[in-house]
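Here's the structure we're looking at; comments come further down.
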Amino acid sequence: MIVTALAAGSGVSAQMIPPGGSQFNPPLPPPPPPPKIEAPVVPQMDAPLRQDYKPEPRPSFSDRISRCLDEGAASGLDPSDRAAYSRSCANR
């Protein structure tokens, strides 16, 4: 009789719900794939230097106006002079 109860109890333990869980919870998603690890490219000693002679892209008009207004304020210009300065400065 005790052996029967132990055998029946072992089948029930496989369906045990963890604390805080519910039988209606969906199964957990599979773990994400491991990250791809690649060695960085090491420059070769004999390789010729590769120089990029492209000029830097011009900042946006908004960035240029902001910079010019800051420069005008730092130089002590009053608001009307600052406006005139920022217009000529941004269009250079």
### Task
Please give, to one decimal in nm, the separation of the simple spin-label points placed at residue 42 and residue 66, each 7 Å out from Cα toward the Cβ.
4.2
### chymotrypsin sites (Phe, Trp or Tyr not before Pro) restricted to segment 36-92 and DSSP loop, no more than 14 other C-beta within 10 Å
53
### Apportionment of accessible area to carbon and sulfur, segment 9-92, percent (1.4 Å)
61
### Query
Which value, in Å³ per residue, describes the convex hull spanned by the Cα atoms of segment 46-87?
94
### Query
Using a 1.4 angstrom probe with every protein chain in place, what is the largest-first accessible-area order of 52, 78?
52, 78
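The values are calculated or read from the model by the stated rules, or taken from the named source; none is laboratory data. Treat the numbers as computed from the prediction; the structure is a model and nothing was measured. Reconstructed Cβ throughout: ideal geometry from the backbone, glycine too, with neighbour counts over all protein chains shown. Heads up: the accessible areas ignore ligands, DNA and RNA and are worked out on the full protein's heavy atoms, side chains in. Shrake-Rupley method; radii C 1.70, N 1.55, O 1.52, S 1.80 Å.
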